[in-house]
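Step one of this worksheet: look at the structure below.
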Amino acid sequence: TGADDLINVLANDSYNGVTPAALTETDLVVVSADAPLTLDITTGEIDVAAGTAAGTYTLVYRLVDSLNPGNTDEATVTVIVAGAGLVA
């Protein structure tokens, strides 16, 4: 059936020692994503498209310091779609 707002990538990221990282101080950039995954760069939420086949999917994103764009960090999110359920 898919899933909206499956997880928020910012919940695991920190900025200046504060978790979750805030989009008022950072920007999100999608580096790469398997087709059924999308990242809402305005919220940090990952969605899985309806009808996604069972399998393992990845999304790579970059967190960019808004005041110093040269200060970045990349992370990978792995989503496992198992039959009718989702495991993140």
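Please treat every number below as a calculation from the coordinates, not as lab data. Computed from a predicted structure; not experimentally measured. Methodologically, a virtual Cβ is constructed for each residue, glycine included, from the backbone with ideal geometry; neighbour enumeration extends over all protein chains shown.
The charge dipole of segment 3-87, taken about the Cα centre with unit charges on the Cβ atoms of Lys, Arg (+1) and Asp, Glu (-1), comes to about 200 debye, rounded to the nearest 20. Gain on full extension, evaluated as 0.36 nm per residue between ASP34 and ILE80 minus their Cα-Cα distance, stands at 15.4 nm. The calculated FRET efficiency for THR58 paired with ASP4, based on their beta-carbon distance and R0 = 22 Å, is about 0.70.
For the chain, a Gaussian network of Cα nodes joined below 10 Å ranks ASP73, ASP40, ASP13 by mean-square fluctuation, and the top entry is ASP73.
Provide the gained length on full extension for the span ASP27 to LEU67, in nm with one decimal, where the gain is 0.36 nm per separating residue minus the Cα-Cα distance. Show your work: numbers first, answer last.
Details: separation 40, 0.36 × 40 = 14.40 nm, distance 0.99 nm.
Full extension of this stretch gives 13.4 nm more.
In the distance distribution for the chain, Cα-Cα pairs more than 19 Å apart total 37 percent. Couplings 3J(HN,Hα) of segment 53-66, computed from phi: 6, 4, x, 10, 10, 10, 9, 10, 10, 10, 9, 10, 5, 4 Hz, in residue order, whole Hz [Karplus 6.51 cos²θ - 1.76 cosθ + 1.60, θ = phi - 60°; x for Gly and Pro]. Note: relative contact order over the chain, using C-alpha pairs below 8 Å and six or more positions apart, is 29 percent.
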